[in-house]
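Read-outs throughout are calculated quantities, based only on the coordinates presented, and are distinct from any laboratory measurement. No experiment lies behind these values; they were computed from the predicted model shown. Here the Cβ is made from the backbone with ideal geometry for all residues, glycine too, and neighbour counts use every protein chain on show.
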Amino acid sequence: MLDKIEHVLEQYVRPQLSEHYGDVEVLSLEDGNLKIKLLGQCSNCPSAKFTVEDVIESEIKKHVQEVRKVTLIESVSDDLLEMAKKILSHKKES
């Protein structure tokens, strides 16, 4: 089933995301709940929720009926985390 989901993403979703310098990664599929992460410019975008609902979830559900829900897993990028660590360690030294 993950191959089918990847095909849908490649065919219908990624072309739209790439217009905004973004991408999507499948994290897991459990009991009809597909967990994804947005990448590139789409990660942590204020419109991410709408992108997931209007673009990703609608296309996945249209082509893969076994998927009942698409959940966006949001996380802090490694670059942002490193920057925060540097700022905080600098403040401690002051």
- Residue tally, condition assigned to a helix (DSSP H, G or I) and either farther than 15 Å from GLU53 by Cα or in contact with a helix residue (DSSP H, G or I) (Cβ under 8 Å, 6 or more places away or on another chain) (or both), over the range 12-25: 6
- Item | Residue list for the range 31-85, filter: assigned to a helix (DSSP H, G or I) and charged (D, E, K, R) | LYS49, GLU53, ASP54, GLU57, GLU59, LYS61, LYS62, ASP78, ASP79, GLU82, LYS85
- Please work out which residue is surrounded by the most Cβ atoms within 10 Å (Cβ to Cβ), limiting yourself to the range 26-68 and to residues that are among the charged types (D, E, K, R) and closer than 16 Å to LEU2 by Cβ. GLU59
- Is it the case that LEU9 is part of a helix (DSSP H, G or I) and surrounded by 13 or more Cβ atoms within 10 Å (Cβ to Cβ)? yes
- Could you please find all residues in the range 12-25 being loosely packed, with under 11 Cβ neighbours inside 10 Å and in contact with a Cys (Cβ under 9 Å, 6 or more places away or on another chain)? TYR21
